[in-house]
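Visitor: Got a structure here, written out as structure tokens. Questions coming.
The values are calculated or read from the model by the stated rules, or taken from the named source; none is laboratory data. The structure presented is a predicted model; accordingly, all values stated were derived computationally and were not measured. Methodologically, a virtual Cβ is constructed for each residue, glycine included, from the backbone with ideal geometry; neighbour enumeration extends over all protein chains shown. The protein model used for the area step is the full one, side chains on, heavy atoms only, and it has no ligands, DNA or RNA in it. Shrake-Rupley method; radii C 1.70, N 1.55, O 1.52, S 1.80 Å.
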Amino acid sequence: MLLVGAVYWLASLLSEHPAFALVAAALCACSPFVLEYAQRAQGYAFVALAVTAAVAAAIQHDRADRRRALWLGASLAASVLSLCLNYTAALVVAPLGAWVATRAAVSGRWRWGFAGACATVEVALVPLLLTQHDAFPNRSGVASIAGLTPTTLANMLEVPFGGRVNALRPLGIAVTVGALLALLGSRRFREHRFGAGRLLVLIAVGEPLSLVVLSAFGGHAFFGHLMLTRYAAVAAPFIIVAIALALEAIPWPLAGLLAAGAAVVTIARGIDNHRPQAFYLDARDVVAYVQAHVRPGDAVLAPPYPWDALPLSYYGLAPCDRGGPETRRRRRLCVLAPIDSG
């Protein structure tokens with residue numbers, strides 16, 4: 001709910017008519033992508049909220065007549081918080097810092113302080129990044145599903161309409177890409193040199209594009225498999241606002257067609273996402289049973305596929321590696337595997 005409010009705030013700063021800020025808020029509230037990550041036991045919805053607030057506060061500082069330092073301080077605080085929540089926030093905070101540095105109303109002390117504080121947080125997180133790299137040097141947990149493929153590229157292109165179910169994927173891609181291209185070609189975008197609107201488009205396009213480029217050239221390195229839509233969660237609010245601004249900037253016949261496409265894919269995905277199918281396995285009862293019956297020294301083996309094993313960790317079960325020496329020395333095995341009910 002806070003993210004919906006933050007999207008409305010950001011859109012109201014960039015649109016000329018309040019109705020389009022309401023359109024952005026409504027799209028955020030109904031977005032299958034946003035709803036999915038709002039329901040997951042992960043922090044991506046929170047980092048999306050933090051970066052949206054950071055950008056909106058910086059733009060508010062640029063427009064305000066008083067309390068400017070307060071808004072810039074709020075932007076810095078939200079930026080630092082977002083970096084602490086997830087590494088992907090850096091793909092938003094970096095262009096935001098560059099944008100702040102170009103503002104004539106920002107003093108040199110604030111420019112250096114903004115960039116220095118964010119850089120300090122990133123440097124402080126390097127040991128954690130190195131530890132993760134040592135533990136998963138080839139990103140073994142996601143390497144099979146996070147590489148650059150036509151499917152993962154399509155998933156990235158349809159944010160914020162992506163979800164658990166892939167209904168109407170071409171329409172979702174057409175609406176997202178069409179809206180961004182329409183906004184890039186609009187007169188408003190061309191008239192403002194690196195203004196707030198350009199910052200919005202830079203983040204909306206640049207963050208997912210960075211994931212594509214890193215995945216394409218990273219190979220089997222730690223940064224070689226980043227084509228997971230959750231890494232684009234920080235760009236979703238900005239893409240949503242860009243779609244609303246595109247509806248405002250283009251002629252009404254095209255805007256009506258774009259709005260109809262967005263409504264159709266949002267409703268269709270919303271219906272599909274609330275069906276019992278295509279969700280993670282319901283592992284709550286399984287985990288409760290295992291935790292009640294497993295004895296010290298037992299080994300619990302998870303399914304080999306992340307899609308099946310992930311819910312087990314969500315509910316607090318930490319299965320051991322399959323077939324390791326420590327497994328063969330134990331007395332009992334508890335093997336968890338999905339069974340096709342059909």
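Visitor: For the residue pair ASP134 and ARG109, what label-to-label distance in nm results when each label sits 7 Å from Cα along the Cα-to-beta-carbon direction?
Guide: 4.1
Visitor: Please grab the % of Cα pairs in the stretch 56-95 that end up more than 14 Å from each other.
Guide: Tail fraction, whole percent: 46.
Visitor: Expressed as a fraction of 2.2 N^0.38 Å, the rule-of-thumb size for a compact globular protein of N residues, what is the C-alpha radius of gyration of the stretch 32-83?
Guide: On the way: Rg = 13.2 Å, N = 52, 2.2 N^0.38 = 9.9 Å.
Compactness ratio reported: 1.33.
Visitor: Working with all protein chains in place, sort ARG66, ARG169 by solvent-accessible area computed with a 1.4 Å probe, largest first. Before the final figure, lay out each step's value.
Guide: Values: ARG66 175, ARG169 45 Å².
Heavy-atom accessible area, descending, gives ARG66, ARG169.
Visitor: May I pose another question? Just to be sure I understand: with springs between alpha-carbon atoms less than 10 Å apart, which residue in SER210, SER107, SER15 has the highest mean-square fluctuation in the Gaussian network model of the chain?
Guide: Of SER210, SER107, SER15, the Gaussian network model singles out SER107 as fluctuating most.
Visitor: If you build a Gaussian network model of the chain, linking Cα atoms that sit under 10 Å apart, which residue out of ILE267, ILE243, ILE173 swings the most?
Guide: ILE267
Visitor: With a point put 7 Å past each Cα toward its Cβ, work out how far PHE223 is from LEU181 in nm, to one decimal.
Guide: 3.0
Visitor: Can I ask one more? Can you work out the FRET efficiency for the pair ALA337 and THR102, with r the C-beta to C-beta distance and R0 = 56 Å, to the nearest 0.05? It would help to have the intermediate numbers written out before the result.
Guide: Values: r = 56 Å, r/R0 = 1.00.
So the FRET efficiency works out to roughly 0.50.
Visitor: Which length gain, in nm to one decimal place, applies between TYR87 and ARG188 when the Cα-Cα distance is subtracted from 0.36 nm times their residue separation?
Guide: Additional length available on full extension: 33.1 nm.
Visitor: Could you compute how fast the stretch 72-137 diffuses translationally, taking Rh as the Kirkwood radius over C-alpha pairs and applying Stokes-Einstein at 20 °C with viscosity 1.002 mPa s? Give it in µm² per second.
Guide: Answer from the Stokes-Einstein relation: 170 µm²/s.
Visitor: To one decimal place, what Kirkwood hydrodynamic radius in Å is obtained for the chain from all pairs of distinct Cα atoms?
Guide: Values: mean 1/r = 0.0459 Å⁻¹.
With all distinct Cα pairs of the chain included, I get 21.8 Å.
Visitor: Which Rg and Dmax, in Å, describe the Cα atoms of the stretch 93-190?
Guide: 19.6, 50
Visitor: Please report the orientation-averaged projected area of the stretch 139-189, defined via the convex hull of its C-alpha atoms, in nm².
Guide: On the way: hull surface 18.6 nm².
Hull-based average projected area comes out at 4.7 nm².
Visitor: Further question: Measuring from centroid to centroid over Cα atoms, what is the spacing of the stretch 1-37 and the stretch 148-185 in Å?
Guide: 18
Visitor: To the nearest 10 degrees, how steep is helix 44-63 against the longest Cα principal axis of the chain, on a 0 to 90 scale?
Guide: Long axis of 44-63 versus the principal axis of the chain: about 10 degrees.
Visitor: Using helices alone, what [θ] at 222 nm do you get for the chain, with -39,500 (n - 2.57) per DSSP H run of 4 or more residues, divided over all residues and rounded to the nearest 500? Write down the numbers at each step before the final one.
Guide: Values: 17 runs with 222 residues, N = 342.
Value at 222 nm, helices only: -20500 deg cm²/dmol.
Visitor: Name the most mobile residue of PRO18, PRO296, PRO208, meaning the one with the largest mean-square fluctuation, in a Gaussian network model of the chain with Cα contacts below 10 Å.
Guide: PRO296
Visitor: Here's another thing I want to ask about it. Jot down the radius of gyration and Dmax of the stretch 36-177, Cα atoms only, both in angstrom.
Guide: Over the stretch 36-177's Cα set, Rg and Dmax evaluate to 18.1, 52 Å.
Visitor: With the crude spin-label approximation of a point 7 Å out along Cα→Cβ, what separation in nm comes out for ARG284 versus ARG67?
Guide: Here the answer is 4.2 nm between the modelled labels.
Visitor: For the stretch 1-109, what does the alpha-carbon gyration tensor say about shape, rounded, prolate or oblate, given a ≥ b ≥ c as the root eigenvalues, a/c under 1.5 as rounded, and a/b over b/c as prolate?
Guide: Because a/c hits 1.5 or more and a/b fails to exceed b/c, the stretch 1-109 counts as oblate.
Visitor: Between THR120 and LEU2, what length in nm is gained on full extension when 0.36 nm per residue of separation is reduced by their alpha carbon distance?
Guide: Taking THR120 through LEU2 to full extension adds about 39.7 nm, to one decimal.
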